[in-house]
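Taking it in order: structure first as structure tokens, then the write-up.
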Amino acid sequence: MHCGEPSDAIDTALPELARRPIFHMLAKVGATGLSSCRECRELSAKVDARTIGEKRRAIHHWLAVRYGRVLDLPAWSDDELDELGYNLKTDVESGQHRRKQVEARILWPRLIRS
């Protein structure tokens with residue numbers, strides 16, 4: 001619901017303006033909340049927002065702060081990576097992959113619309 005990661009929890013801390021219509025809709029299908037990854041559900045419980053959009057923006061901000069060091073990792077060209085030894089190259093590639101994952105979570109759902 002918030003970041004696009006696979007859901008492993010139910011977010012029951014819904015925003016004030018969305019609570020009644022969403023709970024009514026969820027009751028029709030027998031659900032108790034919206035699916036969410038565990039990290040976003042934990043962050044969601046700390047957010048006091050009036051809409052789902054406000055809550056999502058707050059969660060994305062917290063993700064950016066929490067993973068700031070990952071997001072600050074520099075981009076490496078293929079030529080630069082080829083100059084590294086196996087262990088360092090693997091570590092750098094892992095960091096670049098993690099940065100892309102975090103960026104995708106923060107850009108979700110805008111990323112899938114473009």
Rg [Å, one decimal], Dmax [Å, integer] - the chain, C-alpha atoms:
17.8, 58
What number, rounded to the nearest 500 deg cm²/dmol, is the helix-based mean residue ellipticity at 222 nm of the chain, given -39500 (n - 2.57) per DSSP H run of at least four residues and division by all its residues?
-18500 deg cm²/dmol
Here the relative contact order (percent) of the chain, from C-alpha pairs under 8 Å and at least 6 apart, is 31 percent
Could you line up Leu73, Leu14 from fewest to most neighbouring Cβ atoms inside 10 Å?
Leu73, Leu14
Going down the table (Lys46/Lys89; Lys28/Lys55; Lys28/Lys100), which pairs top 32 Å between alpha carbons?
Lys46/Lys89; Lys28/Lys100
What's the extension gain from Asp48 to Ile10 if we count 0.36 nm per residue and subtract their Cα-Cα distance?
11.9 nm
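Where a number appears in this text, it was derived from the coordinates with a stated rule and is not lab data. If you're wondering where the values come from, they're calculated on a predicted model, not measured in any experiment. Methodologically, a virtual Cβ is constructed for each residue, glycine included, from the backbone with ideal geometry; neighbour enumeration extends over all protein chains shown.
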